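Structure first, then comments.
The values are calculated or read from the model by the stated rules, or taken from the named source; none is laboratory data. For clarity, every value in this text was computed on a predicted model and none was experimentally measured. A quick note on method: Cβ atoms are made from the backbone with ideal geometry, for glycine too, and the neighbour counts reach across all protein chains shown. Only protein heavy atoms, including side chains, enter the accessible area calculation; ligands, DNA and RNA are left aside. Shrake-Rupley method; radii C 1.70, N 1.55, O 1.52, S 1.80 Å.
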Amino acid sequence: MTRIILFTGKGGVGKTTIAAATAIKAAKMGYKTLVISADPAHSLSDSFQKKINPFPTKISSNLHAMEVNVEYEIERRWDAILDYLRIFFRSQGIDEVIAEELAILPGLDELASLLHILEFYESGEFDVLILDCAPTGETLRLLNFPEVARWYMKRFFGIERKLFKIVKPLAKPLIDAPLPSDSVLDSVQELYVKVARLKEILEGDSTTIRIVLNPEKMVIRESERAFTYLSIFGYRVDCLLVNKVFPVNSGEFLSRWVEIQQEYLEEIKDRFALPVFTIEFKNTEIVGEKLGELANELYDCRDPTEVFCDERPFKISKEGEEVIISIKVPFVSKEDIKLLKRGDELIIIANQWKRIIFLPQSVASKEPTGARFINGELKIRLG
């Protein structure tokens, strides 16, 4: 089974460096490894000090890297959809150059990154897939994309496409815009199938997320929010990687910073209840060959592909005739959470993030009978 590891965290904490170092360590241990940059501000090339293409580029034995390019991906994957959007925008009087830009819809670069994960996972070409994600907010939108797309496709694609085929011949003379062809609709349907499969893989046994952070108050708080929302979405976080920790013997000038960081390190260990790896602050840039040295410091003799914590953030169980849905939502209060049930959908809202859970058929007919919030875990009873 292909192992998938995603790295996220606040901008500037060192995600790319740690993702690249992890990939090097995995490759040296004999795993055929691919590290993918999903951050529009690509820096894998800078880390490896080598030009990286929008397709797997060999770095060394067992190690490949790629930086996703949205234009390249759209032309390769969704040319039918792109052509239709260009024609549609031009038909509305929009300048050709602007129509070209508008056709590249928001979120397509993130989707392309995820579809690469699906493609290489199913091909089995690599033993390990590592995704260097964009900063936390973009990563949360990225990982929520399959859920959102699934909802829209379920709501608007099924019956509407059947009706569209019937009314298209009648509507065409009356509508002042080109209507999508069957090839466009087929491309959309294919995309829906892939997104549904992708959701299964990201929530599966082979995938975990690692949060990179620095021992600083603002970074810790953002990491707490990220951990909460990832748990709500059903994604496992298996460890924390605390970067840029000042050595204890840093001298008098940094002595106060050392004390502050040590206090924050203790807080991180207490509040997250996850394995914590630390990386000392370096007096030089970590690029090229130094990435291997960092990997050895970070993981020592441990296998970097190991799942360091296997606890599931989302569980469904039964108690008599009732179904219990348990969701870990640490670092939020009871007042921050709202619950709604609409048909076969259970909707969980935590601050600005919303997750729509499609309930199994055997559970969808049941109605909520109560909910309790205990020690960072939400338990919803359906009966």
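Observations
- 3J(HN,Hα) along the stretch 317-322, derived from phi through the Karplus expression 6.51 cos²θ - 1.76 cosθ + 1.60 where θ = phi - 60°, amounts to 9, 10, 10, x, 8, 9 Hz, with x in place of Gly and Pro.
- Listed cross-link partners LYS244/LYS269; LYS199/LYS366; LYS10/LYS50 are compared with a 19 Å cut-off, the Cα-Cα value being larger for LYS199/LYS366; LYS10/LYS50.
- Sequence ranges 13-21, 293-301, ranked by mean other-Cβ count within 10 angstrom, highest first: 13-21, 293-301
- The protection proxy used here, the mean number of other Cβ atoms lying within 10 Å of each residue, ranks peptides 57-67, 308-318 as follows, highest first: 57-67, 308-318.
- Calculated on alpha-carbon atoms, Rg and Dmax of the stretch 339-383 in Å: 10.9, 30
- Linear extension gain, GLU190 paired with ASP205, 0.36 nm per residue minus alpha-carbon span: 2.9 nm
- Computed label-point distance, nm, for sites LYS379 and THR284 using a 7 Å Cα→Cβ extension: 5.5 nm
- Extension gain, LYS32 to ALA273, is 83.6 nm, computed as 0.36 nm per intervening residue step minus the present C-alpha separation.
- Surface composition of the stretch 241-355: carbon and sulfur make up 49 percent of the accessible area, probe 1.4 Å.
- Between ILE349 and ASP310, the contour length at 0.36 nm per residue exceeds the alpha carbon distance by 11.5 nm.
- In terms of packing, defined here as the mean over residues of other Cβ atoms within 10 angstrom, the peptides 28-35, 198-205 line up highest first as 28-35, 198-205.
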